[in-house]
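*Asks:* Below is a structure I'd like to ask you about.
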Amino acid sequence: MEAFDPADLPELLKLYYRRLFPYAQYYRWLNYGGVIKNYFQHREFSFTLKDDIYIRYQSFNNQSDLEKEMQKMNPYKIDIGAVYSHRPNQHNTVKLGAFQAQEKELVFDIDMTDYDDVRRCCSSADICSKCWTLMTMAIRIIDRALKGKYQQCLKDFGFKHRLWVYSGRRGVHCWVCDDSVRKLSSAVRSGIVEYLSLVKGGQDVKKKVHLSEKIHPFVRKSINIISKYFEEYALVDQDILGSKESCDKILALIPMFLNDPSPMHDGLQEIFQKPHSSLQRWEHLKKKAIYPNDRSGQLLVWEIMLQYCFPRLDINVSKGINHLLKSPFSVHPKTGRISVPIDLQKVDQFDPFTVPTISSICHELDAISTNEEEKENKAESDNKHRTRDYKKTSLAPYVKVFEKFLENLDKSRKGELLKKSGWPGTPVGTPTLKGV
């Protein structure tokens, strides 16, 4: 893969926005079929330009206007905001208090830096294949709850249209796009993200997960998902019981007494001082906690697993309707990687280090043979040219994932319109937009 040099970004962005950015699919998404008048026109975009120049309240009449402005500005970063009561680019002309955010997708932001207290391989903005498993588990846990696949999870949500996107560096985003979801109030959004949050407390709080005797179905399903990854991720890759310091962090989560008149710590400390692997030490911990058939011991084991592996959501990003979030297909200015959609059928296979950079796809475009270029009809529209161009690069499979998401969105919208019209040909089982 072509190495990315941030100094090349200005020139690369010109080529990317002119020939590779999937404008047609992007507009198709945010226009939502044009069913609601001025929906796209009232959407806020923000651009971050070179030298961190930040421009909010951008809005556009149509796809063509969006294209022209992006090719003129060549933003280093694109953020998407809410759909407002008025056109965002005219917000200064609106009567004070009248300009209000009305709708937006329900979004989730999961950032690897929020796991720094429990990962040993990396810290801050750095990631590696060992800690990326945290993002894999996060997607599986949150997406399962959002779609509410299991009948017994009656309190999960049944959301149908969920777009998961790699941030381009160290995290993932989720856009829930159901019609009913986009209308949710801040209070309801807060309730949803609180429901999906278990790890609570700042840096000074050692024990961040507390389970009650009655385990909620969502928590139980989450534990089942974590259990599939825990040994390989936590005990082998992260080696969470591999040093005295890491053992002490685990011991700090254990109550001083656990179904035993003597402190549990004493027995575990003695075991942890012996030259055992993390796998062996974890088995000793489980025996000490669970084998007396003590319910609190089993809860303790689950609490440790959840504290080390459960998704950590940025609550403020999710609850605010007017909160901006980085756009799919934006370019990360530090890594050069494209913010690409993630195929939910291949979550375990997703590798952030194989995601194309702007350098690599521009290089692939340059590699198109001169003969092939000469055969092209010079009179073809820019749109046809661009469509053909991105299909010749490693960006193509990610655009295909996006198109599949859009197809399902279109099918649901058409099914709902047919249902509302009372059309006699509406088939039984036509997808509908389910309320929350």
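The values are calculated or read from the model by the stated rules, or taken from the named source; none is laboratory data. Quick caveat: nothing in here was measured; it's all calculated off a predicted structure. A quick note on method: Cβ atoms are made from the backbone with ideal geometry, for glycine too, and the neighbour counts reach across all protein chains shown. Side chains included, ligands, DNA and RNA excluded: accessible areas come from the protein's heavy atoms. Shrake-Rupley method; radii C 1.70, N 1.55, O 1.52, S 1.80 Å.
*Asks:* Restricting attention to segment 98-126, report how many residues are touching a Cys at 6+ places or on another chain (Cβ under 6 Å) and hydrophobic (A, V, I, L, M, F, W, C).
*Replies:* So the answer is 3.
*Asks:* Considering only residues that are farther than 24 Å from V107 by Cβ and either touching a Ser or Thr at 6+ places or on another chain (Cβ under 9 Å) or touching a residue at least 24 places away in the same chain (Cβ under 8 Å) (or both), which ones fall in segment 191-208?
*Replies:* Within segment 191-208, Q203, K206, K207 qualify.
*Asks:* OK, next. Sort out which residues of segment 310-337 are in a helix (DSSP H, G or I) and either open to solvent by less than 20 Å² (accessible area, probe 1.4 Å) or among the basic types (K, R) (or both), and write them in order of number.
*Replies:* Hits for segment 310-337 are V317, S318, K319.
*Asks:* Being of a type in the set (G, A, S) and free of Cβ contacts under 8 Å to residues at least 12 places away in the same chain: is that true of S46 here?
*Replies:* no
For every residue, the table says whether it meets (1) buried (at least 16 other Cβ atoms within 10 Å of the Cβ); (2) in the same structural domain as L163 (by the TED database); (3) part of a helix (DSSP H, G or I); (4) of a type outside the set (G, A, S).
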{"residue": "W29", "(1), (2), (3), (4)": "yes, yes, yes, yes"}
{"residue": "G33", "(1), (2), (3), (4)": "no, yes, yes, no"}
{"residue": "I36", "(1), (2), (3), (4)": "no, yes, no, yes"}
{"residue": "Y39", "(1), (2), (3), (4)": "yes, yes, no, yes"}
{"residue": "F45", "(1), (2), (3), (4)": "yes, yes, no, yes"}
{"residue": "F60", "(1), (2), (3), (4)": "yes, yes, no, yes"}
{"residue": "S64", "(1), (2), (3), (4)": "no, yes, yes, no"}
{"residue": "K72", "(1), (2), (3), (4)": "no, yes, yes, yes"}
{"residue": "P75", "(1), (2), (3), (4)": "yes, yes, no, yes"}
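*Asks:* Condition first: part of a helix (DSSP H, G or I) and modelled with pLDDT under 75. Now tell me which residues in segment 270-291 satisfy that.
*Replies:* I290
*Asks:* Next question. Anything in segment 179-214 that is hydrophobic (A, V, I, L, M, F, W, C), assigned to a loop (DSSP other than H, G, I, E, B) and surrounded by 15 or more Cβ atoms within 10 Å (Cβ to Cβ)? List them, or say none.
*Replies:* Passing the criteria: L184, L196, L198, V199, V209, L211.
*Asks:* Can you find a residue in segment 371-387 that is in contact with a helix residue (DSSP H, G or I) (Cβ under 9 Å, 6 or more places away or on another chain), closer than 30 Å to L106 by Cα and at pLDDT below 95?
*Replies:* Yes, there is a match, as at least one residue in segment 371-387 is in contact with a helix residue (DSSP H, G or I) (Cβ under 9 Å, 6 or more places away or on another chain), closer than 30 Å to L106 by Cα and at pLDDT below 95.
*Asks:* Hey, among the residues in segment 86-116 that are surrounded by fewer than 16 Cβ atoms within 10 Å (Cβ to Cβ) and in a loop (DSSP other than H, G, I, E, B), which one's modelled with the lowest pLDDT?
*Replies:* Ranking the candidates gives L96 first.
*Asks:* Now for a different question. Kindly provide the set of residues from segment 307-327 that are in contact with a helix residue (DSSP H, G or I) (Cβ under 7 Å, 6 or more places away or on another chain) and not aromatic (F, W, Y), ordered by number.
*Replies:* Once the filter is applied, which keeps residues that are in contact with a helix residue (DSSP H, G or I) (Cβ under 7 Å, 6 or more places away or on another chain) and not aromatic (F, W, Y), segment 307-327 yields C309, P311, R312, L313, I315, S318, K319, G320, I321, H323, L325.
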